[in-house]
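Engineer: I have a structure here, written as structure tokens, and I will follow up with some questions on it.
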Amino acid sequence: MKILVLNAGSSSIKYQLILLPEKTIIAQGLVERIGEKEGVIHYETDSVEFEEKVFIGDHKKGLERVATLLLDSKIGVIHEADEINAVGHRVVHGGHKLVSTTLITDEVKGIIRTLFNLAPLHNPPNLIGIEVAEKVFPKASQVAVFDTAFHQSIPEVAHRYAIPNEFYEKEHIRVYGFHGTSHQFVSKKALVLLNNPKARIISIHLGNGCSMTAIREGKSVDHSLGFGPVNGLIMGTRSGDVDPSVIFYMEQNLGYSSEEVSTIFQKRSGMLGLTGSNDLRDIERAALSGDRMAQLALEMNVYRIKKFIGSFAAILNGIDAIVFTAGIGENSVLIRQMVCQDLTFLGLDLDLEKNQKQIKGTRFIESNSSKVKILVIPTNEELEIAEQTYTLLKTKV
């Protein structure tokens, strides 16, 4: 089964064409800077690596160009669009109704639309990707895989908020959790590597969006994000945990509207608000050159991660492994070192030399004396989405 996986962002489309059950990546790439003056399309197969800079007016134009490349007589990998059996879509928020991988219908699209205000940076482009794919690949099954689904196992004691019951019972306000496909993928891989199906794992997903999950026996039991993907860790442009009184003060005393406050907390805060940049590579360089705000931002970022490690260790009654993943988690030597520093009371002891090595792929970076395994596992949300799509469709046959 050939499954095209689409991960549509606000101005980008990440894609992979995967053959299942072999898990063979036939083609992959990225469409970025959609709507800007000069967009970029990356396309890669086993024999070809291609990039072009061209104006990409909208997501439909971007996906049509991807289809053209896949079908190209010289560098393409399929002869006709109908060869693609299914399109698997990453959707960030499924709410209380969409709790597992599902075939996309008009009703499903309607529910995704109602959740725009809970994931304004993600659900709108996710839905655009679905609607475009339906037109470009009309005979393919369209399947949605939700970031929130993996966290349905979080127990009530952890997913409830201490607010009047009616808001939970009628409005379904609770912890939903995010980055579920990433946490699920790396935790499954970690369980195999640890040869321990009951392992207590803390998965640390660090990218422009950041989250942590406490995992027991392969199931999510607590998570740093909540009702929407704004709280918890300090992120690229999102604030992470902030006292709600700050929001009340900004609206009641400073005259900001709720929409303006939402924009500030989601698009102008985090590392961007502290340093003027949401690119951690730039911030690390600035910190090393003596920029005090960059140094403080890194320290605040790591401090928050360590607080969650401590709280999750208490919830799990110990840790067998921590896993770093996503762009920053996989590539930032400095962040991993700062996070693991002074956690020997929990049994963590990082091997500095192993951590320094810029090796691609999965690896252990703890010292020989460490009681807790420290892993770097590259996430592959696209493969996880493809596998879930394949499993769903096989059961429908």
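Engineer: Give the shape of region 69-222 as rounded, prolate or oblate, defined through the alpha-carbon gyration tensor: a ≥ b ≥ c are the square roots of its eigenvalues, a/c under 1.5 means rounded, and otherwise the shape is prolate if a/b is larger than b/c and oblate if not.
Structural biologist: Here region 69-222 falls in the oblate category.
Engineer: Contact order normalised by length for region 226-367, with contacts defined as Cα pairs under 8 Å and 6 or more residues apart; what percent is it?
Structural biologist: Numbers: 133 pairs, mean separation 22.5, N = 142.
Relative contact order of region 226-367: 16 percent.
Engineer: Another question about this same structure. Could you tell me which of Leu115, Ile78, Gly35 has its Cα farthest along the dipole of region 14-154 towards the positive end, charges placed at Cβ (Lys, Arg +1; Asp, Glu -1), taken about the Cα centre?
Structural biologist: Leu115
Engineer: Could you put Arg336, Arg281 in order, starting from the residue whose Cβ has the fewest other Cβ atoms within 10 Å? It would help to have the intermediate numbers written out before the result.
Structural biologist: Details: Arg336 24, Arg281 12.
Fewest to most other Cβ atoms nearby, the residues stand as Arg281, Arg336.
Engineer: Separate question: In deg cm²/dmol, rounded to 500, what helix-only [θ] at 222 nm does the chain give when every DSSP H run of at least 4 residues adds -39500 (n - 2.57) and the total is split over its residues?
Structural biologist: Calculated from helices alone, the mean residue ellipticity at 222 nm is -11500 deg cm²/dmol.
Engineer: Taking amide H atoms as placed 1.01 Å from N in the peptide plane, list the residues 5 or more away in sequence, or in a different chain, whose amide H sits under 5 Å from that of His223.
Structural biologist: Correct list: Ala214.
Engineer: Can you pull out the chymotrypsin sites (Phe, Trp or Tyr not before Pro) in region 159-253 whose DSSP state is coil and whose Cβ has at most 12 other Cβ atoms within 10 Å?
Structural biologist: Tyr161
Engineer: Using 7 Å Cα-to-Cβ label points, what is the Phe167/Glu134 separation (nm, one decimal)?
Structural biologist: 3.4
Engineer: Using each residue's phi in region 184-198, evaluate 6.51 cos²θ - 1.76 cosθ + 1.60 at θ = phi - 60° and report the 3J(HN,Hα) Karplus result to the nearest Hz, with x for Gly and Pro.
Structural biologist: Per-residue couplings from phi come out as 5, 4, 6, 6, 4, 5, 5, 4, 5, 5, 7, 6, 8, x, 9 Hz.
Engineer: Next up: Taking Cα pairs under 8 Å and at least six residues apart, what relative contact order does the chain come out at, in percent?
Structural biologist: In percent, rounded to a whole number, it is 14.
Engineer: Work the Kirkwood hydrodynamic radius out for region 195-381: mean of 1/r over every pair of different alpha-carbon atoms, inverted, in Å.
Structural biologist: Computed over region 195-381, the radius equals 17.3 Å.
Engineer: Something else now. Where does each of Leu69, Leu19 land when they are ranked from fewest to most other beta-carbon atoms within 10 angstrom? Show your work: numbers first, answer last.
Structural biologist: Numbers: Leu69 21, Leu19 16.
Least crowded to most crowded, the residues run Leu19, Leu69.
Engineer: Among the trypsin sites (Lys or Arg not before Pro) within region 71-104, which fall in a DSSP loop and have no more than 15 other Cβ atoms within 10 Å of their own Cβ? Show your work: numbers first, answer last.
Structural biologist: Numbers: sites: Lys74, Arg90, Lys97; in loops: Lys74, Lys97.
Passing sites in region 71-104 are Lys74, Lys97.
Engineer: Name the residues whose placed amide hydrogens come within less than 5 Å of the amide hydrogen of Glu366, ignoring near sequence neighbours (fewer than 5 apart) on the same chain.
Structural biologist: Asp351, Ile374
Engineer: Roughly how many debye, to the nearest 20, is the charge dipole of region 2-146 about its Cα centre, given +1 on each Lys and Arg Cβ, -1 on each Asp and Glu Cβ, and no other charges?
Structural biologist: So the magnitude is around 440 debye.
Engineer: Further question: What ranking do Leu375, Leu225, Leu298 get, fewest neighbouring Cβ atoms within 10 angstrom at the top?
Structural biologist: Leu375, Leu298, Leu225
Engineer: Roughly what % of DSSP beta bridges within region 2-146 run antiparallel, to the nearest 5? Working shown, then result.
Structural biologist: Details: 28 of 38 bridges.
The antiparallel proportion sits near 75 percent.
Engineer: Hand me the GluC sites (Glu not before Pro) from region 30-66 located in a DSSP loop with no more than 14 other Cβ atoms within 10 Å, in residue order please.
Structural biologist: Glu36, Glu38
Engineer: For the pairs Lys306/Lys371; Lys198/Lys360; Lys307/Lys360; Lys14/Lys354; Lys53/Lys74; Lys97/Lys306, flag any whose C-alpha to C-alpha distance is greater than 24 Å.
Structural biologist: Lys198/Lys360; Lys307/Lys360; Lys14/Lys354; Lys97/Lys306
Engineer: Over the Cα atoms, compute the radius of gyration (one decimal) and Dmax (the largest Cα-Cα distance, rounded to a whole number) for region 23-112, in Å.
Structural biologist: Just the Cα atoms of region 23-112 yield Rg and Dmax of 15.6, 46 Å.
Engineer: If you line up the Cα atoms of region 248-336 on their principal axes, what length do they span on each, largest first, in Å?
Structural biologist: Per principal axis, max minus min of the Cα coordinates gives 48, 37, 21 Å.
Laboratory data are not the source of any read-out in this text; all were calculated from the coordinates shown. All figures in this text were calculated on a predicted structure; none of them were measured in a lab. No Cβ is skipped: glycine too gets one built from the backbone with ideal geometry, and neighbour counts run over all protein chains shown.
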